[in-house]
């Protein structure tokens, strides 16, 4: 039997406290997969919106045509 002050005992207690305090950690299987899919879709939507915003700002600030790239311009003036 391990002593009370061994790291394994602390790790087990910490794991028990975390699982009891965060209900998501109790989820298994398909729930985790569905949550990961939702996080991925949200991240994809945010990146798509950010990309559109950057393209619009490049058009407004530097007159880069749609589909063009700021790095392909010879000068910004």
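Key figures
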read-out	value
Nearest-ten-degree value, helix 7-21 long axis tilted from longest Cα axis of the chain	60
Gain upon complete extension [residue 42, residue 14; 0.36 nm per residue less C-alpha separation]	7.0 nm
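All of the numbers you see were taken from the coordinates with simple rules; none came from a lab. Please read these numbers as outputs of a predicted model, since none were measured by experiment.
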